[in-house]
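Visitor: I'd like to ask some things about the structure below.
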Amino acid sequence: EVPVPGKVSTRYDLEKETELRFEVESGEAVEQIELELLTGMAEVFGSELNRNKKYTFGAGAKIAVFTWQGCSVNLYGKPEVAYVSKDTPMLLYLNTHAALEQMRRQAERDNERGPRVMVVGPTDVGKSTVCRLLLSYAVRVGRRPTLVELDVGQSGVSVPGTVSALCIERPADVEEGFSVQAPLVYHFGSTTPGTNIKLYNKLTSCLAEVYSQRCEVNRKASVGGCIINTCGWVKGSGYQALVHCASAFEVDVVLVLDHERLYNELKRDLPHFVRVVLLPKSGGVVERSKECRRDTRDEKIREYFYGFRGVTFYPFSYEVRFSDVRIYKIGAPSIPDSCLPLGMSQDDTQLKLVPVTPGRDLTYHVLSVSSAEDGEEGARKGIVESPVCGFIVVTNVDTQTQVMKVLSPAPRPLPRHTLLIMDIRFMDSK
Ligand code: ADP
């Protein structure tokens, strides 16, 4: 054991099937915590730890180090909380993985498709963590599952306000999560599906279609199946969105975390061949406050522009003339049915592209750069269903000179000229 200078170190000896849970204080300039595996074997959310390697966790991290066989670990620094728990649902989660793996084997044998799994439950029950665990276990046994991220509030893949899909090729990195290369991302524009449920369902269908097309040409992707992470909104339209998702993806398995009523409702409303399974949440899952969620969202955007940990990006700042871009918001404010023009439905208004005239109020808004081909009216049709090729943030608007200044991950010019505005704002404090 080589002590880390200036930091207290605490040793934990863990018995088999127990976990050490710890939290790093949130806020700025907090002391990071290092974790080191000394003996035995252990994993963090499904990714194995290497012995005698120090893993660093920064502000706000909430971590569980689980061991199947027993191990000892060291923590360097003073975490906000640290305790050992013997009471974890990990065995149930492992059994779930085993059942999914069984389905993949069968799919391989019978030349069919692997399990499509939807993970549902209210906020803060560990949905994302269960997804990560199941994906890492699958990839560790040689599968190539797909992560479908429908949580527009706390996306693990892209910036908030998006839905996306990502092929998983290796287990999540212990410190950084899944490596995000070439995800398929769609613009939603806000952090809750309720802002535009029609659009949300439409994008779910788009992702399902693209995924199914990929399965047709890629056997490994098809056998690997997918794990779909959803939003914590499970009532009313939120519930309907889950039912829609189950049908769009033709899911085979639904894992309901810690919500018996939701479990019963889905059992009642989904076709009988869908296996709906109720799983307990882990006692370790930490509830996050509104502020905490907002900070996480902000951090996600910051990472997009400035990089993360070892990797530093240097974003560009340049001017864009209003006349060179077309900015749209998806969805017109809803109006009473009786006031709709003849032949138009609410659907049309929610999926409508509304041109945005750039003004001061555009400042700090995140804009998605649509991959839709530039061009006039004709091209406008496909914009909602087109993936996004990147994001920019408006940092200043000059209505006099008709120019706005943007923060961009790439140098000028913009790759495309169709921009979609998000409700989400980002203030660059660098
Ligand atoms: P959800 O997706 O349902 O909102 P998450 O999976 O994001 O919930 O979990 C919420 C927080 O709890 C995350 O910060 C995660 O790292 C933490 N967490 C999950 N499981 C555990 C555990 N067993 N011990 C400690 N922290 C955990």
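Visitor: Restricting attention to the range 414-430, which residues are assigned to a loop (DSSP other than H, G, I, E, B), touching a residue at least 60 places away in the same chain (Cβ under 8 Å) and touching an Asp or Glu at 6+ places or on another chain (Cβ under 9 Å)?
Guide: 414, 417, 426, 427
Visitor: Considering every residue within the range 38-57, establish whether at least one is touching a Gly at 6+ places or on another chain (Cβ under 6 Å), open to solvent by less than 20 Å² (accessible area, probe 1.4 Å) and either closer than 17 Å to residue 172 by Cβ or at pLDDT below 95 (or both). Write out each step before concluding.
Guide: Step one: filter the range 38-57 for residues touching a Gly at 6+ places or on another chain (Cβ under 6 Å), giving 40.
Keeping just the survivors that are open to solvent by less than 20 Å² (accessible area, probe 1.4 Å) gives none.
No, that holds for no residue.
Visitor: Being within 21 Å of the chain's Cα centre (by Cα) and either open to solvent by 20 Å² or more (accessible area, probe 1.4 Å) or more than 27 Å from residue 59 (Cα to Cα) (or both) is the requirement here; does residue 251 meet it?
Guide: Criteria met by residue 251.
Visitor: For the range 123-174: of the residues being in contact (Cβ under 8 Å) with a residue 40 or more places away in the chain, out of contact with any helix residue (DSSP H, G or I) (no Cβ under 8 Å at 6 or more places or on another chain) and assigned to a loop (DSSP other than H, G, I, E, B), which is surrounded by the fewest Cβ atoms within 10 Å (Cβ to Cβ)?
Guide: Only one residue fits best here, namely 123.
Visitor: Which residues, counting only those in the range 176-213, are touching a strand residue (DSSP E or B) at 6+ places or on another chain (Cβ under 8 Å), of a type in the set (Val, Ile, Thr) and part of a helix (DSSP H, G or I)?
Guide: Scanning the range 176-213 gives 195, 204, 210.
Visitor: Mind listing whichever residues of the range 288-313 are farther than 23 Å from residue 173 by Cα and open to solvent by 80 Å² or more (accessible area, probe 1.4 Å)?
Guide: Residues satisfying the conditions are 290, 291, 294.
Visitor: Yes or no: residue 242 assigned to a helix (DSSP H, G or I), within 16 Å of the ligand (Cβ to nearest atom), of a type in the set (A, V, I, L, M, F, W, C) and modelled with pLDDT of 95 or more?
Guide: It is true that residue 242 is assigned to a helix (DSSP H, G or I), within 16 Å of the ligand (Cβ to nearest atom), of a type in the set (A, V, I, L, M, F, W, C) and modelled with pLDDT of 95 or more.
Visitor: Could you say whether any residue in the range 255-262 is within 16 Å of the ligand (Cβ to nearest atom), touching a residue at least 24 places away in the same chain (Cβ under 8 Å) and open to solvent by 60 Å² or more (accessible area, probe 1.4 Å)?
Guide: Yes: the range 255-262 contains one or more residues that are within 16 Å of the ligand (Cβ to nearest atom), touching a residue at least 24 places away in the same chain (Cβ under 8 Å) and open to solvent by 60 Å² or more (accessible area, probe 1.4 Å).
Visitor: Can you tell which of 82, 64, 29 is open to solvent by 20 Å² or more (accessible area, probe 1.4 Å) and within 11 Å of the ligand (Cβ to nearest atom)?
Guide: Exactly one residue qualifies, and that residue is 82.
Visitor: Only one of 222, 190 is in contact (Cβ under 8 Å) with a residue 60 or more places away in the chain, hydroxyl-bearing (Ser, Thr, Tyr), crowded, with 18+ Cβ neighbours inside 10 Å and within 23 Å of residue 136 (Cβ to Cβ). Can you tell me which?
Guide: Working: 190 fails: within 23 Å of residue 136 (Cβ to Cβ).
Criteria check complete, one pass: 222.
Table: residues versus (1) open to solvent by 60 Å² or more (accessible area, probe 1.4 Å); (2) at pLDDT 95 or above.
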site	(1), (2)
342	yes, no
353	no, no
358	no, no
366	no, yes
383	no, no
403	no, yes
406	no, yes
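Visitor: Which pairs have Cβ atoms under 6 Å, sit 6 or more apart or on different chains, and link a residue in the range 53-67 that is without any contact (Cβ under 8 Å) to a residue 60 or more places away in the chain to one that is buried (at least 16 other Cβ atoms within 10 Å of the Cβ) and among the small types (Gly, Ala, Ser)?
Guide: Within 6 Å, the pairs are 59/26; 65/42; 67/42.
The values are calculated or read from the model by the stated rules, or taken from the named source; none is laboratory data. These numbers come from a predicted model, not from an experiment. Reconstructed Cβ throughout: ideal geometry from the backbone, glycine too, with neighbour counts over all protein chains shown. Ligands, DNA and RNA are stripped out before the accessible areas are found, and what is left, the full protein with its side chains, is counted by its heavy atoms. Shrake-Rupley method; radii C 1.70, N 1.55, O 1.52, S 1.80 Å.
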